[in-house]
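A quick write-up on the structure given underneath.
The values are calculated or read from the model by the stated rules, or taken from the named source; none is laboratory data. Owing to the predicted nature of the structure, the values given are computational and were not obtained by experimental measurement. Cβ atoms come from the backbone with ideal geometry, glycine included; neighbour counts cover every protein chain shown.
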């Protein structure tokens, strides 16, 4: 954040009309500051190195280097940056690819302005936001009536909370003062109890069922 307390945001989208609309929205949000725009993944990389924004709104389907590739490249350089995928599509493969590349959230472009503003603030705090469509794509067979956290241990709940906060295994180990192998054991147990096959799905299920604060 800047000294004024605003969150510095960068836009990446190959459609000028979309960038114009998002730019207009950001200009009226006192807590947000638009610091740059890019029209494809390669330009996003160059702009990020120069501008170092707090949050990036990243389109995914773009010519040349797409948003998934750009997200992965930027996150490899700077794990601390928060990238929100903003797409017109909510299909399962695209959602998985974006989150596995390091995006902290996945939103559809028809999101309400106030919801987008809250998602940017959540991303800046390190908390993910998934659109209902993205959650459904990740968990097509999940039942809202299930109680996936009912048999988690207290330590597993702590690990899950840090997973939802976007922490790496190493960061979880440091924060909880446990070994990396112990973290991996707890995550494996969480995936088994949730009946999912990846961290991404576990986080989506936790968000869908409001299992963490």
Q) With (1) in contact with a strand residue (DSSP E or B) (Cβ under 9 Å, 6 or more places away or on another chain); (2) surrounded by fewer than 18 Cβ atoms within 10 Å (Cβ to Cβ); (3) modelled with pLDDT of 90 or more as the list, and residue 60 as the residue in question, which single condition is left unmet? A) (2)
Q | Odd one out for residue 30 among (1) closer than 14 Å to residue 121 by Cα; (2) crowded, with 18+ Cβ neighbours inside 10 Å | A | (2)
**Q.** Restricting the range 90-110 to residues that are out of contact with any strand residue (DSSP E or B) (no Cβ under 8 Å at 6 or more places or on another chain) and free of Cβ contacts under 8 Å to residues at least 60 places away in the same chain, the residue that is nearest to residue 70 (Cα to Cα)
**A.** 101
**Q.** Set 86, 32: member being closer than 23 Å to residue 139 by Cα, in contact with a strand residue (DSSP E or B) (Cβ under 8 Å, 6 or more places away or on another chain) and touching a residue at least 40 places away in the same chain (Cβ under 8 Å)
**A.** 86
Q.
Here is a check on your reading of the model: is residue 44 modelled with pLDDT of 95 or more, more than 22 Å from residue 127 (Cα to Cα) and assigned to a helix (DSSP H, G or I)?
A. yes
Q | Residues being farther than 27 Å from residue 93 by Cα and in contact with a helix residue (DSSP H, G or I) (Cβ under 7 Å, 6 or more places away or on another chain) - total across the range 32-71 | A | 4
Q: Collect the residues in the range 53-83 that are part of a loop (DSSP other than H, G, I, E, B) and either without any contact (Cβ under 8 Å) to a residue 40 or more places away in the chain or under 14 Å from residue 14 (Cβ atoms) (or both), keeping them in residue-number order.
A: 59, 60, 61, 62, 63, 64, 65, 66, 78, 80, 81
(Q) I'm checking my understanding of the structure. Among residues of the range 121-130 that are in contact with a strand residue (DSSP E or B) (Cβ under 8 Å, 6 or more places away or on another chain) and closer than 14 Å to residue 200 by Cα, which one is surrounded by the most Cβ atoms within 10 Å (Cβ to Cβ)? (A) 130
Q) Counting only residues that are part of a loop (DSSP other than H, G, I, E, B), crowded, with 17+ Cβ neighbours inside 10 Å and at pLDDT 85 or above, how many does the range 131-164 have? A) 2
